[in-house]
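We did not get these values from a lab; they are worked out from the coordinates using the rules stated. All figures in this text were calculated on a predicted structure; none of them were measured in a lab. Note: ideal-geometry Cβ built from the backbone for every residue, glycine included; neighbour counts use all protein chains shown.
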Amino acid sequence: MGNENFLLPDIDWPVLVPFWEACRNEELRFPRCKNCGIWQWYPTFICPSCEGEFEWAKVTPKGKLFSWTVVHKAFFPEFKEKVPFIVACIDVDDAPGVRFIANAIDCKPEDLRIGMEMDVVFDHIDDKICKPQFRISK
Amino acid sequence: MNQRTAIVGVGETTYSRNSGMTSTEILLQASYRAIHDAGLKMSDIDGVVLPRIRTELHINEFEFYTHANLRFRAIAGMDAGAGVVQAIELAQMALQSGQANYVLLYIGANQVSEPEKSSPRGIHQEDLYKRNCEMPFGFFPQPVYFGSIANRYQKLYGSIENQQAAIAVNTRKHAILNGNAQMTKPMTVEDYFKSPLLAEPLRLLDCCVMTDGAAAMVITTEERAKDLARPAATILGMATAGLNPASPFFFTQTPDPLTTSAAQTAPIAFAQAGVSRDDIDVLEIYDSFTINVILQLEDLGFCPKGEGGRFIGNGENISLDGKLPLNTHGGLLSQGYMYGMAHVIEAVKQLRGEAGLAQVKDADVSLVSGFGGWFQGTLILGGK
């Protein structure tokens, strides 16, 4: 793990390849059971409810703010340039049970309220990596 | 009915930032101290339970087991403080079934001088879900998880900043009295508010320290305990559970991160013990972060959800002469991060009347709440 940049996901990790591919196309997709329809996050191989298989289903990129924190300390060297930043989690509107983490941008911490509607927007880091971010819905 | 069991020996190394010893040496030192405290020899030990799955990865077990006569060996699968309570459950099962007569538990690591091997942060860093779903957004390490939890708590129930300060200050006072604590500089509420914000609303002084050190204990049946050197701390009630065991490390992926599994285990442990909340003389709660104390205090049933802050107040209830003296050894916050084992050891010492300057008068019943990931264990001990 020595020289890894923790700001960047490993987009080749098999479990999340479809997720990062979708982000690259500015889509948000999460695993939904083909058989019983439940959503599962983080991904598992087998549906915990019916033992069925999952497919990566597209959702409207919106959700309700569950919580957040303003991080002041750079716990890794690569975060030195970023602090302070807001990391938040939202409950995705279309996918009950999916609570999803990303950074909230273009807002001040005092603007945030639990339950407020957030949009997921996409930040193309380079040709391959695109990270989702949250912005307060207009 | 199964015979009751008791903690009959406890041992600790010095808690510091640099032990100057190998992991094997500190674990041996704590273990021999616990065995001698009980008035036993290593050759009497016929069972071992490791409260932490990783302990065995970085010690020389040959050194350890050469002089014991092991018939039973187990490793607790739960994490941190929950693993400590689960290890005691496993020891009790072995004793009650006759698979062992004297069970040794040991835990410890050089968390500061060998962090990659043993620190909680190092372990979380290896998890690929965390590496890919959390770390790229800076949701890492533990202060960030608990900052997010504390923020939600404050937004739902109101500010608890003054109460977090009261916990930190109270715990430091106790650490100073303990004699084996890493943090011994007196702390005021003002010092707390001057300490830097790490992940809002958590400040540096809301967070536990990291430690080089080890702790151990010996458990036997109540009957055998009568012949031993020290007064026994009898296990009156005990339970472990996980509200969301599928993802114990993923602190956002539990439906309600403001409720710990203490909500499940406390009713079971209290019923087994046949005691009420009012009977608890000493309370030892896994305090990796101040918010964590408030959550468990509520889930253990000492106050309703959302009222932990009111219960803490300015610290009157939780001080040594208060209604419910809390973390009388200095906790993870100020004594050292010993995974919750030092909480159990303190709960034993209080019942023996051996807690030194932090002794609570007439302590008869103590309670330990061991949190670990999203697992939790409740342990109720009784003295004479």
Can you put B:70, B:333 in order of Cβ neighbours within 10 angstrom, beginning with the fewest?
B:70, B:333
Okay, helix-only estimate at 222 nm for the protein assembly as shown: each DSSP H run of n ≥ 4 adds -39500 (n - 2.57), divide by all residues, round to 500 deg cm²/dmol; what do you get?
-8000 deg cm²/dmol
Sorted from fewest to most neighbouring beta carbons within 10 Å, what does the list A:79, A:134 look like?
A:79, A:134
Choice from A:47, A:33, A:107 with maximal GNM fluctuation in chain A (Cα, 10 Å cutoff)
A:107
According to the square roots a ≥ b ≥ c of the eigenvalues of the Cα gyration tensor, what is the shape class of the stretch A:59-138, taking rounded for a/c under 1.5, prolate for a/b larger than b/c otherwise, and oblate for the remainder?
oblate
Roughly how big is chain A's charge dipole about its Cα centre, with Cβ charges of +1 (Lys, Arg) and -1 (Asp, Glu), in debye to the nearest 20?
400 debye
A student applying the Cα gyration tensor rule (rounded when a/c is under 1.5; otherwise prolate if a/b is larger than b/c, oblate if not) would label the stretch A:1-137 oblate
Leading residue at positive end of dipole, the protein assembly as shown (Cβ point charges), from B:16, A:52, B:282:
B:282
Pairs over 18 Å Cα to Cα, from A:73/B:305; B:185/B:323; A:131/B:130, come to A:73/B:305; B:185/B:323
For residue A:108 and residue A:46 in one chain, what is 0.36 nm times their gap in residues minus the Cα-Cα distance, to one decimal in nm?
18.3 nm
Most fluctuating residue given options B:213, B:373, B:336, as computed from a GNM of chain B linking Cα atoms under 10 Å:
B:373
Segment residue B:96-residue B:2, extension gain: residue separation times 0.36 nm, minus the distance between their alpha carbons
33.2 nm
Provide the per-residue ³J(HN,Hα) series for the stretch B:356-369, in order, calculated from phi with Karplus coefficients 6.51, -1.76, 1.60 and θ = phi - 60°, each as a whole number of Hz, with x at glycine and proline positions.
x, 5, 9, 5, 8, 5, 6, 6, 10, 10, 10, 10, 10, 10
Hey, fewest Cβ within 10 Å first, where do A:82, B:130 land in order?
A:82, B:130
What distance in nm lies between label points placed 7 Å from Cα along the C-beta direction at residue B:70 and residue A:80?
4.5 nm
What list of ³J(HN,Hα) couplings, whole Hz, do you get for the stretch B:30-40 from phi and the Karplus terms 6.51, -1.76, 1.60, once you set θ to phi - 60° and write x for glycine and proline?
4, 5, 4, 5, 5, 5, 5, 4, 7, x, 10
Which residue, B:288, B:261, B:97, tops the fluctuation ranking in a GNM of chain B built on C-alpha contacts under 10 Å?
B:97
Hey, what do the phi angles of the stretch B:328-344 turn into as Karplus ³J(HN,Hα) couplings, whole Hz, using 6.51/-1.76/1.60 and θ = phi - 60°, x for Gly and Pro?
6, 9, x, x, 5, 5, 10, 6, x, 8, 10, 6, x, 5, 5, 5, 5
